[in-house]
Every structure is written in structure tokens, then in C-alpha cells.
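Here's the structure we're looking at; comments come further down.
The values are calculated or read from the model by the stated rules, or taken from the named source; none is laboratory data. Since this is a predicted model, take the numbers as computed values, not measurements. Every residue, glycine as well, gets a Cβ built from its backbone with ideal geometry; the counts of neighbours run over all protein chains shown. Note: areas computed on protein heavy atoms with side chains; ligands, DNA, RNA excluded. Shrake-Rupley method; radii C 1.70, N 1.55, O 1.52, S 1.80 Å.
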Amino acid sequence: LSFCPGEVDMSIRPGWFYKAEQDAFVRSPENLFQLYLTSVGRGAGLLLNIPPDKRGLFHERDVASLLLFHDFLKENTKEDFATHRDELFIATKAGYDMWAGPYGSWGSRKHLMASLDQSLGRMQLNYVDLFYIHRYDPVTPLDETLQTLVDIVRAGKALYIGISRWPLDALKYANDFL
């Protein structure tokens, strides 16, 4: 019998908040990859905390480590995971800020489609198993958001859709719509 948590929450630094004296202790790309293998590689989600500095920005060392981790991950999983795609369950989400501008967040058709397309491009995939909207949009008509989710499945970009953090009345409407 072995234990695997559903989510592994780690920080790129020793603590959860930015402290200048920790700049030399930012996790290396190799260490981040080992965290990835021991969490995502065993069926858990990896939530990596990256605290902003006093300017409200991610520190340059944190960013450099993340960029190298991205390259390391991309190089080491391109072929390894490709042969196991049918054994993996891959999810991505939208709804929060992805880019500046009027369509960079929330639940409009433009935001949801662009977010999914960008995620698929970054992951070099044709589809995900689950695509979900991670917050309720009080401005975009529900029919627009829900029809977009239906269209995403029909286009083969996601096998399943999900909804997270919506009020009960909107969830009931979505259940009837879908």
C-alpha cells in the first residue's frame, strides 16, 4: 500500500513569502523536475507557489529557474509522455487572467477558446481530457460560456468539460443546458 496525495503544494523558495535573504535558495530546475516526477508522475497535482517580491513582481532568480525548468521539462517529457498519452489524464483550466486586455480573463467565448488553444500549444497536444472554467463570469451570458464548452468538446479539443466555483443557480442552469 502506498500513499499519494491529490495535490502537492510547494514553494520555489524555502518559505511561502518573498524574503531577499532566500534569493540564493531558489529551487533548481533539476529539483523542480524531481518534484514534478514525484507528484504529477504519481497522479497528483503540483501547485508551485511563486511569491512576488516587494515590487509586486516575480524575482529574476525565480523566473530564471522556472524558464530553465520549462526547458528541462519540455526536453525530458516530449518523447517519454508521448508514448503514454492514452495512460495520462491531462486537465487545464481558464477563467483567470491570462493576458492583458478585455478578453484576457473570465468566461467569454474568445477567452475560453484562446486559453485552451494556448494551453494545447504549450503542452504540444491536440486535446486535453478535461477543460474547465475556474470561475463564474457575472457579465458574459451563460449561454455563450456553456455553448463554448459544448463546442470545445465537439471540436475534439477536450473529452470532458468542467465548471468550478459557480453559484448554485448558475450550476443548475448549466446542468440543464448541457
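A few points about this structure:
- Crossing angle, helix 142-154 versus the chain [Cα axis fit, 0-90 degrees, rounded to tens]: 70 degrees
- Relative contact order (%) - the chain, alpha-carbon pairs under 8 angstrom, separation at least six: 16 percent
- Remark: segment 110-165 carries a charge dipole of roughly 160 debye about the Cα centre, counting +1 on each Lys and Arg Cβ and -1 on each Asp and Glu Cβ.
- Spacing of the two label points (7 Å from each Cα toward its C-beta) at Arg61 and Asp143, in nm: 5.5 nm
- Partner lysines for Lys54 [C-alpha distance under 18 Å; skip if fewer than 8 residues away on the same chain]: Lys19
- Taking all protein chains into account, the per residue accessible area for segment 65-178 stands at 61 Å² (1.4 Å probe).
- Taking Cα centre as origin and charging only the Cβ of basic (Lys, Arg, +1) and acidic (Asp, Glu, -1) residues, the dipole magnitude of the chain rounds to 220 debye.
- Ligands, DNA and RNA left out, the accessible area of the chain computed with a 1.4 Å probe is 57% carbon and sulfur.
- Residues listed by number, segment 113-136, amide nitrogen under 19 Å from Asp169 label point at 7 Å toward C-beta: 135-136
- FRET efficiency for Leu37 and Ala155, using Cβ-Cβ distance with R0 set to 25 Å, rounded to 0.05: 0.20
- Straight-line cross-link partners of Lys172 among the lysines, defined as a Cα under 29 Å from its Cα and at least 8 positions apart when in the same chain: Lys93, Lys110, Lys157.
- For Thr140, net neighbour charge (Lys/Arg +1, Asp/Glu -1) across residues whose Cβ lies under 12 Å away: 0
- Placed amide H near Leu46: partners under 5 Å, 5+ positions off or other chain: Val8
- When the Cα positions of Gln124, Tyr160, Gln147 are compared along the charge dipole of segment 108-161, Gln124 comes out farthest toward the positive end, with charges on each C-beta of Lys, Arg, Asp and Glu.
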